[in-house]
1. Take the alpha carbon atoms of region 48-63, find their center, do the same for region 184-201, and report the distance between the two centers in whole angstrom.
2. List, in the order given, every pair from K43/K89; K50/K89; K47/K145 whose Cα-Cα distance in the structure shown is over 23 Å.
3. Which values, in whole Å and largest first, are the semi-axes of the equivalent ellipsoid of region 21-130 obtained as the square root of 5 times each eigenvalue of the Cα gyration tensor?
4. Working out 0.36 nm times the residue gap between Q165 and K86, then minus their Cα-Cα distance, what length gain in nm do you get to one decimal?
Amino acid sequence: MPVSKCLKKSEPLWREWEKKAQKNGPRRQVYAVNGDRYLGEWKDNMKHGKGTQIWKKKGAIYEGDWKFGKRDGYGTLSLPDPETGKYRKVYSGWWKGDKKSGYGIQFFGPKEYYEGEWCGSQRSGWGRMYYSNGNIYEGQWRNDKPDGEGMLRLKNGNRYEGYWQRGLKNGSGRFFHLDHGQLFEGFWVDDVAKCGTMIDFGRDEAPEPTQFPIPKIKLLDPDIVLEEALATFKNTQED
């Protein structure tokens, strides 16, 4: 008696093509319609793991970690230099959800860069900024600007230590005029000193000392006078 066998039901050809098109694990370069290309690991058709993305329009290159289609983890972003055409590092650090987040270094130019904390691709938290003019700010940041306690050291050695708001000196602070040997301690509003006291500070060692020393205040209690002036100013601001 002849034995009959059931034939296996074959899947449609398009389903086989679909399986092959699914991107999982390491892949060779995958090109997008706009010319962008990616080389690296995939998961469920999304960039996931280690990989390199090249954007055709700006020529930008990202090398680092990915998570479900977004830059997430540690990575480096580079751009071509408009003058030399060579690639220069723009940012190196941590990412979350396609935005700079955590510790990272951003290069704004050959002599200008920031190293510190980020949140949502903005400088936020503690950080140090090196400016092209030689100034250095170190302290707290918020919304991409100095905000909170911080110190600004100028190229000539003078420095401000105190509070900041929206990138400007705001609140109590001290300004060391080391070139003239003087120290101002007082209260600032939007980068302008409103009230305070000035004393000689290291005048004998200053490179350009003032012609005459500051005379001593003959008030019985200069601190109380300053506090009253400061309180009056604050009340005026609130009104």
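Values quoted throughout were computed directly from the atomic coordinates according to the rules given, and no laboratory measurement underlies them. Just so we're clear, the structure is a prediction, and the values are computed from it rather than from any experiment.
1. Distance between centres, Cα-based: 49 Å.
2. K43/K89; K47/K145
3. Ellipsoid semi-axes (Å, largest first): 26, 18, 9.
4. Difference between extended and current length: 24.6 nm.
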